[in-house]
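Encoded as structure tokens, the structure appears first; notes follow it.
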Amino acid sequence: MTIHALPEVIKDGYEIHEWRHASAILASDFPDELSDICDVLGRFRLCKTFLTTPGGRKSKISEGIDSELYQKGWVERKFDTAFVVDGNSTASPTHAVDCYKNKIALEIEWNNKDPFFDRDLNNFRLLFELRVISVGIIVTRCDALQNIFDAIGRGSSFGSSTTHMSKLLPKIEGGGGGGCPILVFGIKERLYDENC
């Protein structure tokens, strides 16, 4: 399987990129997790109220996707990691993964500062090398959504230094995820719904 074999609703609604055969690994070894992701992302709509209502700790976009995955058995997960050399253990803390299930890690980066991508990719790299995850997935926004943000008067809240596709791709292509297979979904304009 390649990204071209993903459901049409996913290909229509998202800009999709992959590295190291992530979609084939998901389809072959983790079909249930891939089904969960396709179901949740296939039903997702970018409601205007998500963009116009001030956020709190977590955006309505992240909250909506997370909560749907949590209902399917995904969990937020933090791992206790350490290096042991000659019997001496040194803690090597990682940050919590937004959604985790059966060795699949998914992060949602909607409107954070772009260094959050570095944090996520480094986390994927480390957890993959430690054989804790098999695939890392990032859901973010396509650059073209800026047109919608500008049109509804929220353009300044979603600046060029925040998380979006053109900030992510060079980091991955530059090796930020190491050997970890990575799949990226960018929310397209066609998912925008001004009536909800």
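The values are calculated or read from the model by the stated rules, or taken from the named source; none is laboratory data. What you are looking at is a predicted structure, and each value in this text was computed from that prediction instead of being measured. For neighbour counting, all protein chains shown are included, and Cβ atoms are generated from backbone atoms with ideal geometry for every residue, glycine included.
When THR94, THR140, THR163 are checked against the criterion of being of a type in the set (Ser, Thr, Tyr) and modelled with pLDDT of 90 or more, THR140 stands alone in meeting it. Of the residues making up the range 73-84, those that are exposed (fewer than 15 other Cβ atoms within 10 Å of the Cβ) and of a type in the set (A, V, I, L, M, F, W, C) are VAL75, ALA82, PHE83, VAL84. Restricting PHE185, PHE124 to those that are out of contact with any Leu (no Cβ under 8 Å at 6 or more places or on another chain) and buried (at least 23 other Cβ atoms within 10 Å of the Cβ) reduces the list to PHE124.
For first residues located in the range 125-136 and part of a helix (DSSP H, G or I), partners that are β-branched (Val, Ile, Thr) and modelled with pLDDT of 95 or more and lie 6+ apart or on another chain with Cβ distances below 7 Å form the pairs LEU127/ILE133. If only residues of the range 26-43 that are touching a residue at least 60 places away in the same chain (Cβ under 8 Å) and buried (at least 19 other Cβ atoms within 10 Å of the Cβ) are counted, the one that is nearest to ALA144 (Cα to Cα) is LEU41. Quick check on my filter: what residues within the range 135-156 are more than 22 Å from TYR14 (Cα to Cα) and polar (S, T, N, Q)? Within the range 135-156, just SER156 meets the criteria.
Collect the residues in the range 44-55 that are in contact (Cβ under 8 Å) with a residue 60 or more places away in the chain, part of a helix (DSSP H, G or I) and crowded, with 16+ Cβ neighbours inside 10 Å, keeping them in residue-number order. If the condition is that a residue be in contact (Cβ under 8 Å) with a residue 60 or more places away in the chain, part of a helix (DSSP H, G or I) and crowded, with 16+ Cβ neighbours inside 10 Å, then LYS48, LEU51 are the ones that fit. Is it the case that the range 106-114 has a residue that's among the β-branched types (Val, Ile, Thr), outside any helix (DSSP H, G or I) and surrounded by fewer than 20 Cβ atoms within 10 Å (Cβ to Cβ)? No, because not a single residue in the range 106-114 is among the β-branched types (Val, Ile, Thr), outside any helix (DSSP H, G or I) and surrounded by fewer than 20 Cβ atoms within 10 Å (Cβ to Cβ). All of (1) farther than 25 Å from ILE172 by Cβ; (2) out of contact with any Ser or Thr (no Cβ under 9 Å at 6 or more places or on another chain); (3) buried (at least 16 other Cβ atoms within 10 Å of the Cβ); (4) aromatic (Phe, Trp, Tyr) hold for TYR70 with one exception: (3). Confirm whether PHE79 is outside any helix (DSSP H, G or I), in contact with a strand residue (DSSP E or B) (Cβ under 7 Å, 6 or more places away or on another chain), farther than 30 Å from ASP150 by Cα and among the aromatic types (Phe, Trp, Tyr). Taking the combined requirement at face value, the residue does not satisfy it. Each residue in the range 56-68 was checked for being over 20 Å from GLU15 (Cα atoms) and touching a residue at least 24 places away in the same chain (Cβ under 8 Å), and 2 of them qualify. When THR90 is tested against the conditions (1) closer than 25 Å to MET165 by Cα; (2) in a strand (DSSP E or B); (3) of a type outside the set (Phe, Trp, Tyr), the lone failure is (1).
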